[in-house]
Every structure is written in C-alpha cells, then in structure tokens.
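Participant: What follows is a single structure, and I will ask about it in a moment.
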Amino acid sequence: MIVCVCNRISSRTVEAYAREGLGIDALRADYGLASNCGQCLDHALTMIDAIQQDQRLFSQAIVEDVTKVAVG
C-alpha cells in the first residue's frame, strides 16, 4: 500500500523504518515523507507508533518469559 502518494513511499518502507526504531524524521530525510501535501503524516505516525508499541510489548514478554525460566 502507498502511504505517501507524492513521494511514492510504501507501507513496507514505513514498517521497515519503524522496526529499526526510526521515525518520521528519518523517513522525511531519506524519502521526503510529508514534505509536499502532508496528507500522509497522520497515517505514517499511526503506523510507526503501532509497530514500535508491538515491538516493546514483544520484548517485554520475552524478558518476562526468560525471567520465569531463570527463577524456575
């Protein structure tokens, strides 16, 4: 899916940046996200927040599981 029509930035690109811990500033610098009409900004922010929140929850769950195993 195209997130930014003006600069042809796909959801895959936004997802990849989010998984690397990067955000709007990096996407703007590398691809020009939200530098024209800006209609993509809200959707890109929502995507990044959701992906990074999922990663935090997943990491927290792994730590909790490891702690349970270690404590026994």
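Participant: What are the radius of gyration and Dmax of the chain, computed over its Cα atoms and given in Å?
Facilitator: Rg and Dmax of the chain, Cα atoms, are 15.8, 55 Å.
Participant: For the chain, what is the mean residue ellipticity at 222 nm derived from helices alone (per DSSP H run of n ≥ 4: -39500 (n - 2.57); sum divided by total residues; nearest 500 deg cm²/dmol)?
Facilitator: Calculated mean residue ellipticity at 222 nm is -22000 deg cm²/dmol.
Participant: Here is a follow-up. Just to confirm the filter: which GluC sites (Glu not before Pro) across the chain are DSSP coil and have at most 16 other Cβ within 10 angstrom of their Cβ?
Facilitator: E20
Participant: Moving on to the next point. To the nearest 20 debye, what is the magnitude of the charge dipole of region 1-41 about its Cα centre, counting +1 on the Cβ of each Lys and Arg and -1 on the Cβ of each Asp and Glu?
Facilitator: With only Lys, Arg, Asp and Glu charged at Cβ, the dipole is about 120 debye.
Participant: Taking the Cα centre of region 2-71 as origin, sum charge times position over the Cβ atoms of Lys and Arg (+1) and Asp and Glu (-1), and report the length of that vector in debye to the nearest 20. Don't skip to the answer; put the middle values down first.
Facilitator: On the way: 6 positive and 9 negative charges, 30 e Å.
Charge dipole of region 2-71: 140 debye, to the nearest 20.
Participant: What spacing in nm lies between the two simple spin-label points modelled at D25 and L57, each 7 Å away from Cα in the Cβ direction?
Facilitator: If labels sit at D25 and L57, their model points lie 2.7 nm apart.
The numbers here are math on the coordinates, done by the rules we state, and not lab data. If you're wondering where the values come from, they're calculated on a predicted model, not measured in any experiment. Cβ coordinates were reconstructed from backbone atoms using ideal geometry, including for glycine residues, and neighbour counts include every protein chain displayed.
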